[in-house]
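The values are calculated or read from the model by the stated rules, or taken from the named source; none is laboratory data. Values in this document were obtained by computation on a predicted structure and should not be read as measured data. All Cβ positions, glycine included, derive from the backbone under ideal geometry; neighbour counts span all protein chains shown.
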Amino acid sequence: MKRINLILFLIIISLLFSCSTKKEINLEQERAAVMKVLDTFIKSHDDKSLEELMSCFSSKPDLILLGTDKNELWVDKVSMGKSQERAYKTFDKIQLSVRDKIVKMGPTGETAWFYLKVNWYVESKGKPTSFNGIRTTGVLEKEKDGWKIVQLHTSVPVQGQAVQY
């Protein structure tokens, strides 16, 4: 009987210690890493750097990216990159300014979601164009090589209410 009690005691102790080795997550440190990816995302457009832009996105096959144009739906990083490369070649200048930046961290420190309100200034063939208040939302996941965007959606808000309520 003593032997069975001793074995049970050792099993319970080992279970308690194995459960208590949970890794501490520093959400503020993770938030700072997410902010750095978002800063790189913005800067890559200003610099027209396709390499920097692509570094912000996951290579996973379940990526979803929506732009503001009707045909801007990409479900992989490569097709989005090809489209962005054409845009960078067309634009003489791109300048983004972020007015709002909100980042929410998942409790596990493995996911984050964000909101940006972005003003775009673009010059193409000498013609300047501004798009103000572009809403950009997305989700990032922590991967082996850092935080990566896995979902992105940009939209242009309508003026006033589309339907009164």
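Which one of Leu38, Leu65 is under 22 Å from Tyr121 (Cα atoms), at pLDDT 85 or above, among the aliphatic types (A, V, I, L, M) and not in a strand (DSSP E or B)?
Leu38
Would it be correct to say that Leu66 is within 14 Å of the chain's Cα centre (by Cα) and either touching a residue at least 40 places away in the same chain (Cβ under 8 Å) or under 14 Å from Leu116 (Cβ atoms) (or both)? Please lay out each step first, then the result.
Details: within 14 Å of the chain's Cα centre (by Cα): yes; either touching a residue at least 40 places away in the same chain (Cβ under 8 Å) or under 14 Å from Leu116 (Cβ atoms) (or both): yes.
Yes, satisfied.
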Practice prompt. For segment 86-102, name all the residues that are surrounded by 14 or more Cβ atoms within 10 Å (Cβ to Cβ) and free of Cβ contacts under 8 Å to residues at least 40 places away in the same chain.
Written response: Ala87
Discussion item. For the structure I just gave you, tell me whether Ser58 is in contact with a strand residue (DSSP E or B) (Cβ under 9 Å, 6 or more places away or on another chain) and more than 27 Å from Val158 (Cα to Cα).
Written reply: yes
Worksheet entry | Search result, residues across segment 103-154 that are surrounded by 16 or more Cβ atoms within 10 Å (Cβ to Cβ), free of Cβ contacts under 8 Å to residues at least 24 places away in the same chain and farther than 22 Å from Met80 by Cβ | Gly106
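Yes/no matrix, rows are residues, columns are (1) among the small types (Gly, Ala, Ser); (2) under 19 Å from Glu72 (Cα atoms):
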residue: Ile94; (1), (2): no, yes
residue: Trp120; (1), (2): no, yes
residue: Gly126; (1), (2): yes, no
residue: Leu140; (1), (2): no, no
residue: Gln161; (1), (2): no, no
Practice prompt. For segment 77-86, indicate whether the set of residues that are among the aliphatic types (A, V, I, L, M) and at pLDDT below 95 is non-empty.
Written response: yes
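Among the residues of segment 84-98, which ones are in contact with a strand residue (DSSP E or B) (Cβ under 7 Å, 6 or more places away or on another chain) and either closer than 19 Å to Val139 by Cα or among the hydroxyl-bearing types (Ser, Thr, Tyr) (or both)? Don't jump to the end; show me each part of the working.
As a first pass, look at segment 84-98 and keep what is in contact with a strand residue (DSSP E or B) (Cβ under 7 Å, 6 or more places away or on another chain): 90-98.
Passing the criteria: Thr90, Ser97, Val98.
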Item to complete: Could you figure out which of (1) out of contact with any Asp or Glu (no Cβ under 8 Å at 6 or more places or on another chain); (2) in contact (Cβ under 8 Å) with a residue 12 or more places away in the chain; (3) under 30 Å from Glu24 (Cβ atoms); (4) part of a strand (DSSP E or B) isn't true of Ser59?
Response: (4)
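Quick one: count up the residues across segment 41-56 that are surrounded by fewer than 15 Cβ atoms within 10 Å (Cβ to Cβ), of a type in the set (D, E, K, R) and not in a helix (DSSP H, G or I). Walk me through it before giving the result.
Keep residues of segment 41-56 that are surrounded by fewer than 15 Cβ atoms within 10 Å (Cβ to Cβ), which gives 43, 46-47, 49, 51.
Now narrow it down to the ones that are of a type in the set (D, E, K, R): 43, 46-47, 51.
Among the residues that remain, those that are also not in a helix (DSSP H, G or I) are: 47.
Number satisfying all stated conditions: 1.
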